[in-house]
1. Would you be so kind as to identify which of Cys162, Asn172, Ser224 lies farthest towards the positive end of the dipole of the range 153-243, taking Lys and Arg as +1 and Asp and Glu as -1 on Cβ and the Cα centre as origin?
2. On average over all directions, what projected area in square nanometres does the range 165-284 have, based on the convex hull of its Cα atoms?
3. For the range 222-284, what is the largest minus smallest coordinate of the Cα atoms on each principal axis, given in angstrom and ordered from greatest to least?
4. Any idea what the dipole of the chain comes to, in debye rounded to 20, about its Cα centre with Lys/Arg Cβ at +1 and Asp/Glu Cβ at -1?
5. Under the rule of at least 5 residues apart or a separate chain, name every residue whose amide H is placed under 5 Å from the amide H of Gln160.
6. Relative contact order of the chain, please, whole-number percent, based on alpha carbon pairs below 8 angstrom and at least 6 residues apart.
7. Based on the alpha-carbon set only, what is the convex hull volume of the range 13-99 divided per residue, in Å³?
8. Tell me, in nm to one decimal, what length is gained between Asn172 and Ala227 on full extension, where the rule is 0.36 nm per residue of separation less the Cα-Cα distance?
Amino acid sequence: MKIITAKSAGFCFGVQRAVDTVYAEVEKGGPIYTYGPIIHNEEVVADLERKGVKVLEEEELDHLDGNMRGTVIIRSHGVSREVDERLRESGLGCVDATCPFVKRIHRIVSEMSAKGAQIVIIGDPRHPEVRGIMGWADGPVTVIENRQQAEDFRAPEDAQICVVAQTTFNANKFKEFVAILKERRYNIQCMDTICNATQERQTEAREIAARADVMIVIGGRSSSNSAKLFEICKKECPRTYFIQTWRDLHLSPAENEQMIGITAGASTPKNIIEEVQNYVRTDF
Ligand code: F3S
């Protein structure tokens, strides 16, 4: 039996950088907070908790009194300008681990809306990255997450529109929605801000799943990019499993086939991928 693990499985550059930042701050000592869980992975968050890292929740922002001690780390998703400012005023030292690719979107949105552009973000309005991006616009901002919303979008005829994408948004859907907006002949400036890491991971997962008898996608329950990987793989390989760790894997011996493919979402640490590889290798 052959096991093929995607080269692009696991942490992307931005997540690796954010996680490394937290561990580096832990080494320095002092109370450490992350603004929201550092990544969508319960195992990593639990490990950091054991090391004394606390998660500062959004609701707690209102209760910061300016006298807090320690360091707060902004995760790779980034935050809105308002949250950024409030964290810096909290008395805590602030370390910004926003992924540079997300930071670039903040800059685009900030500059373009300062020039009077109406911002359109193609993405999930509930996702923290999108909520953060929205918060860098000075003027009108609209989030489009499906075809219907793209078709329903209206703006004044003379409006200048700047379109950006959530970094993990599906590239085909992004093109589809942009094409719908362009049909209206608005003055549109479109920035494809989808991150390559996501595209590469999705393309590789699709290729492996198409050849695999069984496909395993490893990712956190609340990780949207892992859920998308699962969706892509399931289309190619009906026997695709979505797991958090090797313990969730219940492959029956009858399913012992020629090739097992493995991939993992952007927030899955290397050791969890290796554990799954070892488990599959030794038990089947
Ligand atoms: Fe950054 Fe791309 Fe990862 S935007 S956080 S490197 S998915």
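1. Ser224
2. 8.1
3. Extents along the principal axes, in whole Å: 30, 27, 16.
4. Using Cβ point charges on Lys, Arg, Asp and Glu, the chain gives about 680 debye.
5. Excluding prolines and chain starts, which carry no amide H, the hits are Gln118.
6. 22
7. With only Cα atoms used, the range 13-99 gives 82 Å³ per residue.
8. Additional length available on full extension: 18.2 nm.
The values are calculated or read from the model by the stated rules, or taken from the named source; none is laboratory data. What you see is a predicted model; the values in this text were computed from it and never measured. No Cβ is skipped: glycine too gets one built from the backbone with ideal geometry, and neighbour counts run over all protein chains shown. Calculation scope for accessible area: heavy atoms of the full protein, side chains included, ligands and nucleic acids excluded. Shrake-Rupley method; radii C 1.70, N 1.55, O 1.52, S 1.80 Å.
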